[in-house]
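Colleague: Sharing a structure here in structure tokens format.
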Amino acid sequence: MSTAALAPPNSARSLFSSVIVKKAIMAATGAALYLFVTVHLLGNLQVFLGPEAINTYAAKLKSIPEILWGARLGLLTLVGLHILTTIQLMKINSKARPVAYAKKANSASTAASRTMYLSGPTIAAFIVYHLLHLTVGSAHPQFSETDVYSNIVFGFRVWWVSAAYLVAMALLCTHLSHGVQSMFQSLGFNHPKHTPRIKKFAHAVGLIYFAGFASMPLAALSGFLPPFFERL
Amino acid sequence: MNLTLHVWRQANAAAPGRMERYDARNVSEDMSFLEMLDVVNEQLIAESKEPIAFEHDCREGICGSCGFMVNGVAHGPQRGTTVCQLHMRHFKDGEELYLEPWRATAFPVLKDLVVDRGALDRIIAAGGYVSVRTGSAPDGNAISVPKEAADISMDAAACIGCGACVAACPNAAAALFTGAKISHLGTLPQGQAERSRRALRMVEQLSLEDFGACTNIGECEAACPKQIPIEMIARMNHDHLKAAWQTRGARKSGGGE
Ligand code: HEM
Ligand code: SF4
Ligand code: FES
């Protein structure tokens, strides 16, 4: 017999112990990270406008250290909270079904929704590599502090680096194709008319963002984005 | 038609269980799934073997007693149908079927395909009620109920507490059940007094019972024999988040409580 006690009438359990509050934190941080990803993608696509455009943009971003570090701290907090709630919910869920089914069919869920706990941690690992590669530069063969354009072009000319980026971006975009619809549900918003549209939007986001992110390594690999000196 | 069944057999809650193979011969397509099992059990009894235990009561899809997995789908392949209302015409001759009990920490197996769903009762006890003045019957229509609220509430009230949503959920969450109960009462004027407390306490109970956390996957909605929409989970999230934000905890002084 399962015999959990009844919750006391005036329970003083902290707000943050609630699975729904945890999920709301995940959704709110996910939404903010989604906005960051959008801005980051638009910013980086300037690589197609040539070295000057993207290098000036990058210099501008770094020009006020207070804002730069404020943004970095903010992003770190968002990712930290998003990962913290991931770990907490994962723990809860790993206890909930001790005996697996001999046979289990999936009737409604998408591959993207079932793999959130795989795509998420892969993105985390990717973020670490990405920072070492294009922000810190220690994982980059010819890193320049100021020439972001060349960092991108030379970085992606290594085929396996580009391959790793493509895989990571595919996972980020599947993460978004479920996440961008899921966050509305988590925050308590579902409507028979609007929700199907949000789902379509989320799937479009997944595809379009992938095309955007993938275009950069592919352009560098194929020679469409020439190194600086070839342009001069 | 003839079928091969692989059925989870477990003598009691403490005993280990395993899948066992049975032949179901001369099954009529007009039988319900449970009637097919009745026939298999008659045969087992005739052979002095222990019949397969499964839960059932109304056999007309309204009580919520029945339910087990058929080939990995809660209540079997027919949407919006309890396993007692599932007919054998939906299966093909020679098919192999795997029958397993609901699997969740919160639903311990009592015997074979029967699980203890007391956890759902305790979720109801934690907040699934409205307080009413007893005494003479109130006037009909004394409280006006908006049509839309009545519709949503009735949709949610269709939940029969079968537990299929938990069984189908990859996280063994009881979000659809709890969402249905919270929405059923919370959308009606009569349910407003306890609305916040209900949304806090039922969700708290959900965690005390070791149900998992929802990941908005939608397997519950597909499995639900009453086709409760996943919208009810969003309603629960809304009520819970609002209540969590507004709650002031127990008052030290003053009346009430
Ligand atoms: C730029 C990076 C990321 C973005 C834009 C992002 C975005 C999102 C969004 C919008 C959601 C939906 C929230 C919800 O279901 O209510 C979500 C969920 C989730 N994210 Fe992320 N995320 C990112 C990185 C990560 C990382 C690094 C991890 C893990 C280490 C992670 C793990 C998860 C998990 C487990 C879920 C829950 C999925 C579910 O419950 O179905 N995410 N994410
Ligand atoms: S929500 Fe549907 S599947 Fe879940 S207990 Fe109620 S009737 Fe059964
Ligand atoms: S036996 Fe009552 S719903 Fe199936």
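Colleague: Can you pull out every residue in the stretch B:213-242 that is without any contact (Cβ under 8 Å) to a residue 60 or more places away in the chain and among the small types (G, A, S)?
Modeller: Across the stretch B:213-242, the qualifying residues are B:A213, B:G218, B:A234.
Colleague: In this structure, does B:E221 turn out to be at the interface with chain A (Cβ under 9 Å from one of its Cβ atoms), under 16 Å from B:A104 (Cα atoms) and charged (D, E, K, R)?
Modeller: On the way: at the interface with chain A (Cβ under 9 Å from one of its Cβ atoms): yes; under 16 Å from B:A104 (Cα atoms): no; charged (D, E, K, R): yes.
Here the answer is no, as B:E221 does not meet what is asked.
Colleague: With respect to the numbered conditions (1) out of contact with any helix residue (DSSP H, G or I) (no Cβ under 6 Å at 6 or more places or on another chain); (2) within 9 Å of chain B (Cβ to nearest Cβ), which one is the sole condition not fulfilled by A:S107?
Modeller: Here A:S107 clears every test but (1).
Colleague: Looking at the stretch B:142-159, is at least one residue crowded, with 18+ Cβ neighbours inside 10 Å and either within 19 Å of A:K95 (Cα to Cα) or within 16 Å of ligand 1 (Cβ to nearest atom) (or both)?
Modeller: No: the stretch B:142-159 contains no residue that is crowded, with 18+ Cβ neighbours inside 10 Å and either within 19 Å of A:K95 (Cα to Cα) or within 16 Å of ligand 1 (Cβ to nearest atom) (or both).
Colleague: Answer yes if at least one residue in the stretch B:48-66 is free of Cβ contacts under 8 Å to residues at least 12 places away in the same chain and within 16 Å of ligand 3 (Cβ to nearest atom), and no otherwise.
Modeller: yes
Colleague: Find all pairs meeting these conditions: Cβ atoms under 6 angstrom apart; at least six residues apart or on different chains; first residue within the stretch B:168-180 and touching a residue at least 40 places away in the same chain (Cβ under 8 Å) and at the interface with chain A (Cβ under 10 Å from one of its Cβ atoms); second residue of a type in the set (F, W, Y) and assigned to a loop (DSSP other than H, G, I, E, B).
Modeller: Filtered contacts from the stretch B:168-180: B:A173/B:F211; B:A174/B:F211.
Colleague: Among residues belonging to the stretch B:11-36 that are more than 14 Å from chain A (Cβ to nearest Cβ) and in a loop (DSSP other than H, G, I, E, B), point out the one that is nearest to ligand 3 (Cβ to nearest atom). If you could, list the steps in order and put the result at the bottom.
Modeller: Filtering the stretch B:11-36 for residues more than 14 Å from chain A (Cβ to nearest Cβ) gives B:11, B:22-36.
So of that shortlist, the ones also in a loop (DSSP other than H, G, I, E, B) come out as B:11, B:25-31.
On the way: B:A11: 23, B:R25: 24, B:N26: 24, B:V27: 19, B:S28: 19, B:E29: 19, B:D30: 17, B:M31: 14 Å.
Among those that are more than 14 Å from chain A (Cβ to nearest Cβ) and in a loop (DSSP other than H, G, I, E, B), it is B:M31.
Colleague: Oh, and also: Name the single residue, out of those in the stretch A:175-232 being within 14 Å of chain B (Cβ to nearest Cβ) and of a type in the set (V, I, T), that is surrounded by the most Cβ atoms within 10 Å (Cβ to Cβ).
Modeller: Taking the candidates together, the pick is A:V180.
Colleague: Shifting gears a bit: For the stretch B:191-235, which residues satisfy the criterion of being outside any helix (DSSP H, G or I) and within 16 Å of ligand 3 (Cβ to nearest atom)?
Modeller: The initial filter retains those residues of the stretch B:191-235 that are outside any helix (DSSP H, G or I), namely B:192-194, B:209-218, B:224-230.
Once the filter is applied, which keeps residues that are outside any helix (DSSP H, G or I) and within 16 Å of ligand 3 (Cβ to nearest atom), the stretch B:191-235 yields B:C224, B:P225, B:K226, B:Q227, B:I228.
Per-residue answers, yes or no, for (1) more than 30 Å from A:T146 (Cα to Cα); (2) surrounded by 12 or more Cβ atoms within 10 Å (Cβ to Cβ):
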| site | (1), (2) |
| --- | --- |
| A:G30 | yes, yes |
| A:Y34 | no, yes |
| A:A59 | no, no |
| A:S63 | no, no |
| A:R72 | no, yes |
| A:T85 | yes, yes |
| A:K91 | yes, no |
| A:T110 | yes, yes |
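Colleague: Quick check on my filter: what residues within the stretch B:152-174 are aliphatic (A, V, I, L, M), more than 9 Å from ligand 2 (Cβ to nearest atom) and closer than 18 Å to B:S207 by Cα?
Modeller: Just the residues of the stretch B:152-174 that are aliphatic (A, V, I, L, M), to begin with: B:152, B:154, B:156-158, B:160, B:164, B:166-168, B:172-174.
Remaining after also requiring more than 9 Å from ligand 2 (Cβ to nearest atom): B:152, B:154, B:157, B:172-173.
Result: B:A172, B:A173.
Read-outs throughout are calculated quantities, based only on the coordinates presented, and are distinct from any laboratory measurement. Computed from a prediction, not measured in an experiment: that's the story for all the values here. FYI the Cβ positions are ideal-geometry reconstructions off the backbone, even for glycines, and counts take in every protein chain you see.
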